[in-house]
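Readers should treat all values here as calculations from the given coordinates under stated rules, not as data from a laboratory. These figures come from a predicted structure and were not determined experimentally. Note that we place each Cβ from the backbone using ideal geometry, even for glycine, and neighbour counts take in every protein chain shown.
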């Protein structure tokens, strides 16, 4: 019922959305596929792809794939591309972590902090992960997890964020399973 | 004129919080200002550390009887100090990083307090009242959105370009601020230093000119305390965080850190090294390496400078240098937050 309401609401908002079946492999760009977990719907907003169970303000898995030299990680409504920080192929994982912070600040996120930068498998490629704490523009405390990999100087990045507490605790295990299901082609 | 007087009375007496006349623009603005202060007070970005708040509040109270002012310290990079027309004085931590000593911070605060006492802030808001500017400035806050307009340095700069204080207001605030700081015993020369080094965004709200500099120089007589040692001691626990926040901004921070590195503080020298490394322009790698080494030579040698050298060598394909620097970083910072990543780098070198 909750999922049905979400789909109806998003449909009325004019967002392109797609119901997903748990266990299905989904292509999320740049040759990256992931396996869907139960309860997610896929939304296309401003040319970006998100998965959510409860709505993008409550849990949000963003797929930012195929980012090339000089491109921003994502678009922010109301900002020109030139106003966004951009990816550079020479960036180290430490730098990409900082780039994620700078990009989230452009989304009016506050107190964005990262931690536990560590290597993580990204499908068969080498990747890295880190944790996030932040507050949205209304001061709501949130947590997040990110996984990324740069292959042939092209960056793929997935970020899961949700309000700290119930929504993060409920969503993080599913996000981790999705991260673990990454395949690169 | 009547509108200004009415609004002044409401804001200064707190009448807006009691029962404003909801039909008037002035009452609406007064309520929005009160709402903006509420948002700042409840913001996730508000710095609640008692020591740091006591330090800033103490300076304010040395400058002026501070009962009518409420000081809010906001954790944000960039230079900003501003007063809402109801007596809320907002200070970004970026101002504490940029001030080289207590006297420089005191002059910044005194200048803004002077704007408030001269009712320049009120005048600024009133000018916006007839335009969409007030919506841009307070609308986000009125919607209950976090720290609202204080959250984005660029938004203040953009508004400042359109709604800056007048030259006459700036000179009056310089005069009153200088008198306030001098009466509190602060070094007058610190005013010149802090204004000469101010960020461009801040100067859009407080227009700067050679004439203003000359007038300020004429006012800077005598000597006073700088409070440099106290400022260093109070800010030292926060320096790594503030330097990191500046480095993560989407701007070229080389010019900022050139000024900060002159203080000789190891973390500021590291910041300059990182600013060069991140910028990556021709010649920057050499400069980055030299500043990382300068940081390591400082008395408060920060382990992060070893990481900077390691990342730089990694980017340059110099595996032996990267290995040596990362190994040293792991020794100096065994509990570093990125230790797993550094260990991975080491396995690949």
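Say R0 is 56 Å: what FRET efficiency, to the nearest 0.05, do residue B:164 and residue A:21 get from their beta-carbon distance? Kindly include the intermediate steps, with their values, before the conclusion.
Numbers: r = 57 Å, r/R0 = 1.02.
With a Förster radius of 56 Å, E is 0.45.
Write down Rg/Rh for region B:162-276, rounded to two decimals, with Rg from the C-alpha atoms and Rh from the Kirkwood relation over Cα pairs. List each step's numbers first, then the result.
Details: Rg = 16.0 Å, Rh = 15.9 Å.
Value, to two decimals: 1.01.
In Å and whole numbers, how far do the C-alpha atoms of region A:20-59 stretch along each principal axis, longest first?
Per principal axis, max minus min of the Cα coordinates gives 27, 24, 11 Å.
Using only the Cα atoms of region A:96-171, what semi-axes does the equivalent ellipsoid have when each is the square root of 5 times a gyration tensor eigenvalue? Give whole Å, largest first.
23, 14, 9
So for A:152, A:19, fewest C-beta neighbours within 10 Å to most, what's the order? Let's see the in-between values first.
Details: A:152 6, A:19 10.
Ascending number of Cβ neighbours within 10 Å: A:152, A:19.
Please report the spacing between the Cα centers of region B:205-245 and region A:104-167 in Å, no decimals.
36
How large is Rg over Rh for region A:2-184, taking Rg from the Cα atoms and Rh as the Kirkwood inverse mean of 1/r across Cα pairs? Numbers along the way, then the final one.
Details: Rg = 15.4 Å, Rh = 16.5 Å.
Expressed as Rg/Rh, it is 0.93.
By counting other Cβ atoms within 10 Å of each Cβ, how are B:274, B:229, B:112, A:37 ranked from fewest to most? Before the final figure, lay out each step's value.
On the way: B:274 29, B:229 10, B:112 24, A:37 20.
So the ranking, lowest neighbour count to highest, is B:229, A:37, B:112, B:274.
Computed from the mean reciprocal separation of all distinct C-alpha pairs, what Kirkwood hydrodynamic radius does region B:247-316 have, in Å? If you can, show how the numbers build up before the last one.
On the way: mean 1/r = 0.0872 Å⁻¹.
Mean inverse Cα-Cα distance, inverted, gives 11.5 Å.
Quick one: Cα centre-to-centre distance for region A:16-75 and region B:70-114, in angstrom?
Region A:16-75 and region B:70-114 have Cα centres separated by 42 Å.
At what distance in angstrom do the alpha carbon centres of region B:294-349 and region B:253-283 lie from each other?
With region B:294-349 and region B:253-283 each reduced to a Cα centre, they are spaced 17 Å.
Averaged across B:244-251, how many Cβ atoms of other chains sit within 10 Å of each residue's Cβ atom? Before the final figure, lay out the partial values.
Numbers: counts 4, 5, 0, 4, 11, 5, 12, 2.
If you average over the peptide's residues, the count of other-chain Cβ atoms is 5.
What does the average come to when, for each residue of peptide A:126-137, you count the partner chain Cβ atoms lying within 10 Å of its Cβ?
Details: counts 2, 0, 4, 2, 4, 1, 0, 1, 1, 5, 3, 10.
Counting Cβ atoms of other protein chains within 10 Å of each residue's Cβ and averaging gives 3.
Projected area of region B:163-205, taken from the Cα convex hull and averaged over every viewing direction, in nm²? Intermediate values should be presented prior to the final figure.
On the way: hull surface 12.5 nm².
Result: a mean projected hull area of 3.1 nm².
What does the helix-only formula give at 222 nm for chain A: each DSSP H stretch with n ≥ 4 adding -39500 (n - 2.57), the total divided by the residues, and the result rounded to the nearest 500 deg cm²/dmol? Working shown, then result.
Numbers: 3 runs with 40 residues, N = 185.
Only helices count here, giving -7000 deg cm²/dmol.
Mean-square fluctuation check for chain A, GNM, Cα pairs under 10 Å: which of A:77, A:38, A:119 is largest?
With Cα springs under 10 Å in chain A, the top fluctuation among A:77, A:38, A:119 is at A:77.
Counting pairs of Cα atoms in region A:43-139, how many percent are more than 22 Å apart?
Working: 1454 of 4656 pairs.
Value for region A:43-139 (Cα pairs over 22 Å): 31 percent.
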